[in-house]
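First comes the structure, then the notes that go with it.
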């Protein structure tokens with residue numbers, strides 16, 4: 001028979017307060033929404049609305065439904081809770097790797113922000129061109145998620161176009177793409193600010209240290225930071241030296257290897273701008289091992305806002321990764337729920353001065 005329209009009125013045959021189990025006292029079968037409805041004396045639709053905090057359910061009924069659900073150890077699944085909207089309650093996060101500080105922080109921030117809104121996270125790690133190509137070709141997240149967040153993922157325009165076949169909102173975190181909602185920082189301005197800080201301290205022989213992937217992937221952030229490095233030098237009339245732009249394959253000791261190359265030059269730098277705080281940390285440790293003092297013999301500045309930079313006393317440009325992630329999560333939730341608001345946000349960066357930058361040594 002049809003359920004009544006009134007949510008506080010039990011349907012015929014219901015047994016409010018009944019103490020038997022959902023399928024009999026001896027049953028070990030898990031409870032379902034119908035069991036909760038029967039014992040709470042309401043319709044299945046009312047149970048669904050009550051457990052999803054949807055308006056239209058009296059407070060006493062909502063409490064009764066939740067009490068029964070707790071008694072039966074019933075937890076509404078994402079599929080069941082979103083059935084009427086055909087949502088899954090899940091968001092896919094696609095990133096190159098999870099063992100690098102930036103990406104782990106980004107993933108943690110996204111997960112916290114989405115979980116706070118009742119959404120689960122499905123993670124896809126695509127470290128190289130082959131994995132990225134397979135993800136775009138096979139679209140494994142199709143029909144599994146309500147949205148996809150691309151975390152600073154290098155994709156071609158053709159690959160981004162194919163992701164539209166997922167049929168769900170796409171959001172870029174830690175980067176930007178024309179026409180897509182995104183959260184980013186101004187990488188070019190961050191690099192320019194870092195180098196200006198070194199120039200203000202009196203340095204002219206300034207190196208930039210960066211890393212490359214083994215697959216030679218081109219990263220937008222890398223290109224923009226190199227441009228910012230050059231902008232700052234040009235604005236002050238400082239000639240750029242090609243031997244001071246050093247690239248090492250990504251590794252935990254990339255910074256120390258880059259330092260060895262720089263110190264072997266006939267005219268080594270007096271200051272180094274490192275692409276990341278991880279590079280700056282390795283470079284500084286390498287300098288200490290060689291008996292160099294930072295900043296007396298060599299000034300160092302990085303980018304990120306990594307906690308190790310604070311421990312090491314390194315100056316840095318904080319790109320506020322957690323804020324980027326939280327903002328991307330907010331945009332994703334709004335898009336899934338059809339709520340208006342900003343679709344693209346640029347997070348401000350902050351110069352954090354510590355003890356790793358000083359005047360150049362006398363020569």
If R0 is 30 Å, what FRET efficiency do you get for residue 44 and residue 120 from their C-beta distance, rounded to 0.05?
0.80
Cα long-axis angle, helix 321-337 against the chain (0 to 90 degrees, to the nearest 10)
30
Could you tell me the calculated FRET efficiency between residue 176 and residue 311, based on Cβ-Cβ distance and R0 = 30 angstrom, to the nearest 0.05?
0.45
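Test of understanding: ordering 59, 196 by Cβ neighbours within 10 Å, fewest first, what list do you get? Intermediate results must be reported in sequence, preceding the final value.
Numbers: 59 8, 196 17.
Fewest to most other Cβ atoms nearby, the residues stand as 59, 196.
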Difference of contour (0.36 nm per residue) and Cα-Cα distance, residue 130 to residue 227
32.1 nm
Using the alpha-carbon atoms, what tilt in degrees (0 to 90, nearest 10) does helix 277-289 show relative to the longest principal axis of the chain?
40
Against the longest principal axis of the chain, how steep is helix 129-138, in degrees 0 to 90 to the nearest 10, with axes from Cα atoms?
30
Residue of 89, 133, 228 that the Gaussian network model of the chain assigns the largest fluctuation, springs spanning Cα pairs under 10 Å:
133
How far is it, in nm, from the label point at residue 200 to the one at residue 70 when both lie 7 Å from their Cα along the line to the Cβ?
5.6
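Can you give the convex hull volume of the alpha carbon atoms of the chain per residue, in Å³? Can you show the working numbers first?
Details: hull volume 64.7 nm³, N = 363.
That works out to 178 Å³ per residue.
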Please build a GNM for the chain, connecting alpha carbons under 10 Å apart, and tell me which residue among 256, 316, 61 fluctuates the most.
61
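What FRET efficiency do you get for residue 346 and residue 261 if R0 is 45 Å and r is their Cβ-Cβ distance, rounded to the nearest 0.05? Write down the numbers at each step before the final one.
On the way: r = 34 Å, r/R0 = 0.76.
Efficiency, rounded to the nearest 0.05: 0.85.
Please compute one quarter of the surface area of the Cα convex hull for the range 187-318 and express it in square nanometres.
Details: hull surface 29.5 nm².
Orientation-averaged projected area of the Cα hull: 7.4 nm².
Students often check this: by mean Cβ neighbours within 10 Å, which of 149-158, 350-359 ranks highest, and how do the rest follow?
So the order, starting with the most tightly packed, is 149-158, 350-359.
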For the range 240-363, go through all pairs of different Cα atoms, get the mean of 1/r, take its inverse, and jot down that Kirkwood value in Å.
16.2
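By per-residue mean of other Cβ atoms within 10 Å, what is the highest-first order of 114-123, 304-313? Each step should come with its number before you reach the end.
Numbers: 114-123: 16.4, 304-313: 17.9.
Peptide ranking by packing, descending: 304-313, 114-123.
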Just to be sure I understand the model, the point goes 7 Å from the Cα along the line to the Cβ. What's the resulting residue 143 to residue 354 distance in nm?
5.1
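We did not get these values from a lab; they are worked out from the coordinates using the rules stated. Please read these numbers as outputs of a predicted model, since none were measured by experiment. Don't worry about glycine lacking a Cβ; one is built from the backbone with ideal geometry, like all the others, and counts go over all protein chains shown.
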